[in-house]
1. Please verify whether Gly133 is at pLDDT 95 or above, part of a loop (DSSP other than H, G, I, E, B) and either surrounded by fewer than 20 Cβ atoms within 10 Å (Cβ to Cβ) or on the phi > 0 side of the Ramachandran plot (or both), treating the condition exactly as stated.
2. Of the residues in region 280-297, how many are modelled with pLDDT of 95 or more, within 11 Å of Ile308 (Cα to Cα) and aromatic (Phe, Trp, Tyr)?
3. Across region 323-346, which residue is modelled with the lowest pLDDT among those that are among the polar types (S, T, N, Q) and under 24 Å from Thr260 (Cβ atoms)?
4. Just to be sure before I move on: is Ala3 open to solvent by less than 10 Å² (accessible area, probe 1.4 Å), more than 28 Å from Tyr177 (Cα to Cα) and touching a residue at least 40 places away in the same chain (Cβ under 8 Å) in the structure I sent?
5. Being open to solvent by 50 Å² or more (accessible area, probe 1.4 Å) and either under 17 Å from Ala334 (Cα atoms) or touching a residue at least 24 places away in the same chain (Cβ under 8 Å) (or both) narrows it down to one residue among Asn288, Asn280, Asn271; which is it?
6. For region 327-372: of the residues being in contact with a helix residue (DSSP H, G or I) (Cβ under 8 Å, 6 or more places away or on another chain) and polar (S, T, N, Q), which is farthest from Cys192 (Cα to Cα)?
7. Examine region 56-72 for a residue that is under 25 Å from Cys151 (Cβ atoms) and out of contact with any helix residue (DSSP H, G or I) (no Cβ under 8 Å at 6 or more places or on another chain), and state whether such a residue exists.
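The values are calculated or read from the model by the stated rules, or taken from the named source; none is laboratory data. Owing to the predicted nature of the structure, the values given are computational and were not obtained by experimental measurement. All Cβ positions, glycine included, derive from the backbone under ideal geometry; neighbour counts span all protein chains shown. In case anyone asks, the SASA skips ligands and DNA or RNA and just uses the protein heavy atoms, side chains included. Shrake-Rupley method; radii C 1.70, N 1.55, O 1.52, S 1.80 Å.
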Amino acid sequence: MQARLLLEDGTLFTGKAFGAEGQSTGEVVFNTGITGYQEVISDPSYCGQIVTMTHPLIGNYGITRDDFESIRPYIHGFVVRRHEPVPSNWRAQYTLDSLLKEYGIVGISEIDTRMLTRILRNHGTMKGILTTGNMPVEELKEMLGVSEIMCDQVARTSTKGSFSSPGDGERIVLIDYGAKSGILRELTKRGCDVVVVPHDTTAEEIRRLNPDGIQLSNGPGDPKDVPHAVATLKELLGEYPIFGICLGHQLFALACGADTTRLKFGHRGGNHPVKELASNRCFITSQNHGYTVLEDSIIGTELEVTHINNNDKSIEGLKHKKYPAFTVQYHPEAAPGPYDNSYLFDQFIEMIRDHKAANPKAPRQAEIVAAMKGDL
């Protein structure tokens, strides 16, 4: 079956369909990873996007339930050079084609993904419509013209209710803005008692959970589309140690008075070099984001830049000068081959312990008695 991808600049790609039949619109982006297509498809940060893989062969090792980064995929389309329908992998449980069919995701193969990537690099990401139908191009252009880029992706991907992953270590409240499973996996690996809460959980509701620290997750879209999250972080800043990842990093920056802006074509892949300024060491990182914190906006805030991208010098890490809080733009839980960046979770736990030692809490019984006497 034929499939077509039409970009908003009028460029039309015609190829072979796989996955579901139908049509969808979204922001067309590209990912430079050689492996990890299943993690890409199941990453909630791609919600509302049509994802192009620059590596030419996709589908060759199939799909394995253990490798999912969320319960279901949220992408709006999948674009590859060559789709391999028969996986060769003893771990494979089903095929890429069957996964896309199950969730109604349209795929297109046999197109020049190098040409598509060059267009996006030169002109920036843009809207596109992916279809398996026979609708005339002029009608597709009209549909694409009236379509809008989504702005409610966080609400779509965040958990609808709180849940816990018990442990005997520090209690971490993980605010889910579209969290990858890897973040929860890294925290539970360290014995943390994790409570995952929705994106719109209030500061007071978080306080009632009595956390030792707060983890801000990754997530899709523009950080300025979730102002309630910024307001909540402003309330909590200084009360608890905070560690933010990706969208969590951007929301933290906004809460501290900095600003964010959209990148031309974003950072998406598993081989982005990031320099840690304190050690001058370069880390290879996994990234997936279309926005960044503006360097000039850091001036006059209590923030300090800790990491920069070695390719375009954009900000990749921040820490607060006064409060126990730090964030990174990349994904330390992703481990795209190397495990260079997992130390950040250890650093978070150490920061929590230092904060608790420096700020011992009165026994809960003493608080109750004081409240009853009207002293609180």
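1. Details: at pLDDT 95 or above: no; part of a loop (DSSP other than H, G, I, E, B): yes; either surrounded by fewer than 20 Cβ atoms within 10 Å (Cβ to Cβ) or on the phi > 0 side of the Ramachandran plot (or both): yes.
No: the conditions fail for Gly133.
2. Selection size over region 280-297: 0.
3. Applying the first criterion (among the polar types (S, T, N, Q)) to region 323-346 yields 327, 329, 341-342.
So of that shortlist, the ones also under 24 Å from Thr260 (Cβ atoms) come out as 327, 329, 341.
Values: Thr327: 98, Gln329: 97, Asn341: 91.
In this case the residue turns out to be Asn341.
4. Working: open to solvent by less than 10 Å² (accessible area, probe 1.4 Å): yes; more than 28 Å from Tyr177 (Cα to Cα): yes; touching a residue at least 40 places away in the same chain (Cβ under 8 Å): yes.
Against the criterion (open to solvent by less than 10 Å² (accessible area, probe 1.4 Å), more than 28 Å from Tyr177 (Cα to Cα) and touching a residue at least 40 places away in the same chain (Cβ under 8 Å)), Ala3 qualifies.
5. Details: Asn288 fails: open to solvent by 50 Å² or more (accessible area, probe 1.4 Å); Asn280 fails: either under 17 Å from Ala334 (Cα atoms) or touching a residue at least 24 places away in the same chain (Cβ under 8 Å) (or both).
One residue alone meets the criteria, Asn271.
6. The selected residue is Gln329.
7. Keep residues of region 56-72 that are under 25 Å from Cys151 (Cβ atoms), which gives 69-72.
From what is left, the residues that are out of contact with any helix residue (DSSP H, G or I) (no Cβ under 8 Å at 6 or more places or on another chain) are 71-72.
Yes; the residues of region 56-72 include at least one that is under 25 Å from Cys151 (Cβ atoms) and out of contact with any helix residue (DSSP H, G or I) (no Cβ under 8 Å at 6 or more places or on another chain).
Per-residue answers, yes or no, for (1) at pLDDT 95 or above; (2) more than 24 Å from Ala335 (Cα to Cα); (3) under 19 Å from the mean Cα position of the chain (by Cα):
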position: Asp200; (1), (2), (3): yes, yes, yes
position: Ile206; (1), (2), (3): yes, yes, no
position: Lys224; (1), (2), (3): yes, yes, yes
position: Gly248; (1), (2), (3): yes, no, yes
position: Ala253; (1), (2), (3): yes, yes, yes
position: Gly266; (1), (2), (3): yes, no, yes
